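Every number in this text was worked out from the coordinates using simple rules, so none of it is lab data. Keep in mind it's a predicted model, so treat the numbers as computed, not measured. So basically every Cβ, Gly included, is an ideal-geometry build from the backbone, and we count neighbours across all protein chains shown.
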Amino acid sequence: MAGIEELSPAVGPVDTRPPEGEIDEDEDEELDETFIERLWGLTEMFPDTLRSAAEVTVSSSVTMAKKLYSFSRAALWVGTTSFMILVLPVVFETERLQLEQQQLQQQRQILLGPNAGMSGGMPGMMPPAPVKM
Amino acid sequence: MGSVLAASSPPPPGSGVVQGAPGLVSVPPGFSMPSVPPPSVPGQPAGETGSPLSNPGTYEECHRKCKEVFPIQMEGVRLVINKGLSNHFQVSHTVTLSTLAESGYRFGATYVGTQQTGPAESFPVMVGDMDNTGSLNAQVIHQLTSAVRSKIAIQTQQHKFVNWQCDMEYRGDDFTSAVTLGNPDVLLSSGIIVAHYLQSISPALALGGELVYHRRPGEEGAVPSLMGRYTGNNYVATLTLGGAGAHATYYHRANDQLQLGVEFEGSMRTQETAVSFGYQLDLPKANLLFKGSVDSNWVVGAVLEKKLLPLPLSLGLGAFLNQKKNKFQCGFNVTVG
């Protein structure tokens, strides 16, 4: 009896199935991905929780890096201008004072000999006083 | 004793208070001639018969020690020429050139009388100055009796009277009380009365109060405040609490070169608070006086004053920077004499 037909892939009419060569070409054209997309596709093998955790970590660290950068820019500017206004003039003046005192000391040394290198220079000053009185 | 109206909460009629500030503040307590900066007299020495408490000073002076540590904002160029014509009379010319405000010339004269009450104080003191636009600031301070001192101050803006006030202060053995009448106007029945009282509780602690009563046609109000001041051996802490807000200052003398001040101010009216920290560095060897301040409103400022010695010349440089709004202001002034 011609009732039951054997079902096998080879039985079906040949023209219902696309030819072998076409299958490969169509698949290649439809699934034409860039390299990055193919690499990204590999990550789909990880479980969802891991993927979302990684995404949150990366995005928050990028945001924090940006904020840190802009904060350090602002802090550097504020710190430099405040230092310039609050501290720098005093530093200049005290340095100048020190240099002047050093110069005076050196001059006194040259003038009155190495013994009068002290800041008071008193021994050299003694002789004129009795004459004035 | 600057303008009382600047300290009380209701806005004074007219806006000339700021202009008056240099004129009115320049002659507080000590008035010797010609160019000695007014020393703040803390009170008579406790040499009275058996009383361990000394006079606590005036009510306005309590916050002043800390305020003097802070730099003033300078803007534009200012040239001041002070000339002492005699032991009693001094004249000053001020030329101001500025970008934000009006440039002008101001002439000031100070007369100190012959009644001497102490080594650094003589009375009566008359101070006046007039602007090139005709605005006048004038003050007359006189010691009526050994304990009563009175002051009359007038400020005009061109021809219009902006401030006129009269005050009377009584200094007792261990207390000071003062009454000030500001802008009294009999026709409009308006004016401001301020009463101060400051009492020494112990050699270090002084407590006091202030009552401001203001009246305008249609409204009147009173604002009381309390004040306490504690003096340690190298610090002074003062607190004022009142209807207008809270004001606390702390002054500390670290060594003979460095003085620090911290000020906290909170206002009920504008619901704002501010904290400022200031320091003053005094290097007489380098003829240098440097004041710096940092504020909670992100304002950084400093003033440097240097005496250029062989000449009686003094140069002041000031810079103020508002970091938040990125606004900068600088100025310099030269004082001769």
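Take the conditions (1) buried (at least 17 other Cβ atoms within 10 Å of the Cβ); (2) within 10 Å of chain A (Cβ to nearest Cβ); (3) under 24 Å from the mean Cα position of the chain (by Cα); (4) closer than 18 Å to residue B:70 by Cβ; residue B:330 misses just one of them, which is (1). Scanning the stretch B:290-321 for residues that are more than 16 Å from residue B:70 (Cα to Cα), in a strand (DSSP E or B) and away from chain A (no Cβ under 11 Å) turns up B:307, B:308, B:313, B:314, B:315. The set of residues in the stretch A:75-87 that are within 9 Å of chain B (Cβ to nearest Cβ), out of contact with any strand residue (DSSP E or B) (no Cβ under 7 Å at 6 or more places or on another chain) and part of a helix (DSSP H, G or I) comprises A:77, A:78, A:84.
Filtering B:125, B:69 for residues that are within 30 Å of residue B:232 (Cα to Cα), buried (at least 17 other Cβ atoms within 10 Å of the Cβ) and under 17 Å from the mean Cα position of the chain (by Cα) leaves a single hit, B:69.
The single condition among (1) touching a Pro at 6+ places or on another chain (Cβ under 9 Å); (2) farther than 30 Å from residue B:202 by Cβ that residue B:175 does not satisfy is (2). When we screen B:198, B:207 for residues that are out of contact with any Phe, Trp or Tyr (no Cβ under 7 Å at 6 or more places or on another chain) and hydrophobic (A, V, I, L, M, F, W, C), the only hit is B:207.
Among the residues of the stretch B:149-159, what is the count of those that are more than 20 Å from the chain's Cα centre (by Cα) and surrounded by 12 or more Cβ atoms within 10 Å (Cβ to Cβ)? Counting residues in the stretch B:149-159 that are more than 20 Å from the chain's Cα centre (by Cα) and surrounded by 12 or more Cβ atoms within 10 Å (Cβ to Cβ) gives 1.
Here B:220, B:210, B:263 are screened, and the one residue that is assigned to a strand (DSSP E or B), acidic (Asp, Glu) and without any contact (Cβ under 8 Å) to a residue 40 or more places away in the chain is B:220. Whether a residue is farther than 29 Å from residue B:307 by Cα and part of a helix (DSSP H, G or I) was assessed, and residue A:70 passes this test. The condition of being of a type in the set (Ser, Thr, Tyr) and surrounded by fewer than 18 Cβ atoms within 10 Å (Cβ to Cβ) holds for only one of B:240, B:270, B:249, that being B:270.
Residues in the stretch B:279-289 that are within 10 Å of chain A (Cβ to nearest Cβ) and not in a loop (DSSP other than H, G, I, E, B): B:279, B:281, B:283, B:285, B:286, B:288.
In the stretch B:269-282, the count of residues that are over 18 Å from residue A:91 (Cα atoms), in contact with a helix residue (DSSP H, G or I) (Cβ under 8 Å, 6 or more places away or on another chain) and in contact (Cβ under 8 Å) with a residue 40 or more places away in the chain is zero.
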